[in-house]
1. Between residue B:40 and residue B:253, how many nm apart are label points set 7 Å from Cα along the C-beta direction?
2. What percent of all Cα-Cα pairs in chain A falls in each 5 Å bin, counting up from 0?
3. Please check which bits of region B:197-232 a label hung off residue B:155 would reach, taking the label as a point 7 Å along Cα-to-C-beta and the cut-off as backbone N under 14 Å.
4. So what is the calculated 222 nm ellipticity per residue for chain B, using -39500 (n - 2.57) for each DSSP H run with n of 4 or more, over all residues, to the nearest 500 deg cm²/dmol?
5. Could you give the length gained by full extension between residue B:219 and residue B:7, i.e. 0.36 nm per residue of separation minus their alpha carbon distance, to one decimal place?
6. When the distances between all Cα atoms of region A:1-73 are binned every 10 Å from zero, what whole-number percent does each bin get?
7. Using only the Cα atoms of the protein assembly as shown, build the gyration tensor, take square roots of its eigenvalues as a ≥ b ≥ c, and label the shape rounded, prolate or oblate: rounded if a/c is under 1.5, else prolate if a/b is larger than b/c, else oblate.
8. Label residue B:77 and residue B:123 with points 7 Å out from Cα along Cα→Cβ: what is the distance between them in nm?
């Protein structure tokens, strides 16, 4: 029997949606302690990991494939194949602030974000001087307390922005769940991966 | 024997095998210079990540870079070589880069055949690869292409430098969905749309892939690039023609390949025909990391 494909899934809502997309009606086999599981046909081994770690598992070749938000791939790596965007996890990466248009100081716009790479690339392409303020969370707070002029963050419904009296000034990119592959594993498992993709396309076309 | 000694012994045995292969094929071992003229290096390696390079000033005030790439370093060493004289060299040396504010080095072994005649050079390359595969008992899957295929499409579609780069980035990520969206915005690409829509799936057995290309485009010049290489390529499933193959280095101008072992997370051997810009001639060669060879030994 062939070695099963290994797919890293992101813990949380996107992981549950991913598992359903891949395995239809099968019950989710993960909990706080159960972090790896084989599917019923023993053709796929799933790894249940933190969203940002999906990339690491795939880049290092521990997982052949992974599902993660496109924003995370865009921010952290160029070293995986981007095989297919999936019909969930939709959101937008935006610049938001307290006013409709950004107000820059002589030292440049102060930008608070969890996405320094995407932010820097965007403002650099606009030849706009900025000071990056990398944060780990609660980014919406930064303009309210004077830490930043604007934020660059991921928005799904816009409710959190609204609750913090912030408005969208510019959309940088759209993001959704994406199936990624390790480059070496893709080459060695090309036929298996193509067969899986074809089966999934056929199954989802019927829905 | 402890593990450290075992590792040393294994590495030494492998090195002996590689040197014997090199010797048998007429390759001379050279020591590439550690430091290369920064400005010249930039010309050859414009697409590498300059922030990872280690630079310093020599007493004359010239900026030097600690070699991040051996092919360029060997080219620098042999810049005064007579372009009409073919030369075969091999090396076993370290490349350096900066990561997380630390100096990191990795030892590479490589072969370069300067001024190698067309086809004869590629034949030599494939022979060496086969000898290494057998000598080191490797199991490899090899993807190959011709660098001119993607460059030819970009040129025929009138892409500017930025568009060409974007094209290569999307192919390098095998991102067919974004590629489809992107080239719809470029009016000149229209005659190539059927081909562009299939780019990332144009891979597999060479004859089959070429048949598909014939169905998708009238541009015979693209197929003409590949056909001289076909008789050289082993007719086995392990040799995959991948027309979306992109190299991180832009100096390739003909046949190029990447080889993977089953335990690898990234390409193990990379090489092909590249431009020696000092002399406006070309060379063939490939290299691999000796450390990567050690990884996976205990699996």
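Readers should treat all values here as calculations from the given coordinates under stated rules, not as data from a laboratory. Values in this document were obtained by computation on a predicted structure and should not be read as measured data. Glycine also receives a Cβ, built like all others from the backbone with ideal geometry; neighbour counts cover every protein chain displayed.
1. Here the modelled spin labels are 1.8 nm apart.
2. Calculated P(r), rounded to whole percents: 1, 7, 14, 17, 16, 13, 10, 9, 7, 4, 2, 0, 0, 0.
3. B:220-226
4. Mean residue ellipticity at 222 nm (helix-derived): -11000 deg cm²/dmol.
5. 71.1 nm
6. P(r) for region A:1-73, in whole percents per bin: 21, 57, 21, 1.
7. Note, shape of the protein assembly as shown comes out prolate.
8. 2.8 nm
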